[in-house]
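A quick write-up on the structure given underneath.
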Amino acid sequence: MIQVIQAQNVTLAYLKQKFALHKSENEQFFTEWFDYIPEISELEKQSLDRVKNNYLNVLENAPLLEEAVKMVVLSPLLDLAGFYRHPFYIATEESVEISEEIIIDDEENSEETQEIIKGKIDVLPR
């Protein structure tokens, strides 16, 4: 049996329960975030502070909708990170599919189920 779920109907709580996800407080969990990070310039720090302040202003004064977050936060961060320059390019509204297959095989019955979550990623740097 295959069950297809649209991504917009999936909550973080559901994913935590389904895939046994949990927040890690261990600073060594994902060291790639800390290894080989180049120093950022004062201008880059100012730009990041401006993005943060813009986000907090939008958060305070307007409904925080997806399009606003993309404009206020995502676009400036992609620019600062260089994802609009060669050799990178961005793709928008890329389809994604996450699937899980469960096979139960015991003496009385054999059951196979598959759950597929389908959706789109708004912006995907490549």
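The calculated 222 nm mean residue ellipticity attributable to helices in the chain amounts to -9000 deg cm²/dmol, summing -39500 (n - 2.57) over DSSP H runs of n ≥ 4 and dividing by all residues. Using alpha-carbon pairs under 8 Å, 6+ residues apart, how would you state the relative contact order of the chain in percent? 34 percent. An ellipsoid equivalent to the stretch 1-75, defined through the eigenvalues of its Cα gyration tensor, has semi-axes of 31, 23, 11 Å when rounded to whole angstrom and sorted largest first. Spacing of the modelled spin labels on Glu32 and Ala91, each 7 Å from Cα toward Cβ, amounts to 1.8 nm. In a DSSP loop and with at most 13 other Cβ atoms within 10 Å, the chymotrypsin sites (Phe, Trp or Tyr not before Pro) in the stretch 1-79 are Phe29, Phe30, Phe34, Tyr36. When the pairs Lys23/Lys120; Lys16/Lys45; Lys16/Lys118; Lys18/Lys118 are compared against a 27 Å limit on Cα-Cα distance, Lys16/Lys45 fall above it. Residues considered: Pro76, Pro87, Pro38. Largest GNM mean-square fluctuation over the chain, using C-alpha springs under 10 Å, is found at Pro38.
Exposure proxy for Lys118, Lys23: other Cβ atoms within 10 Å of each Cβ, ordered fewest to most, give Lys23, Lys118. Kirkwood Rh, Cα Rg: Rg to Rh for the chain? Looking at the chain, the ratio lands at 1.08.
Rule-based calculations on the coordinates, nothing more; no lab input. Just so it is clear, the structure is predicted and the values come from calculations on it, not from any experiment. Here the Cβ is made from the backbone with ideal geometry for all residues, glycine too, and neighbour counts use every protein chain on show.
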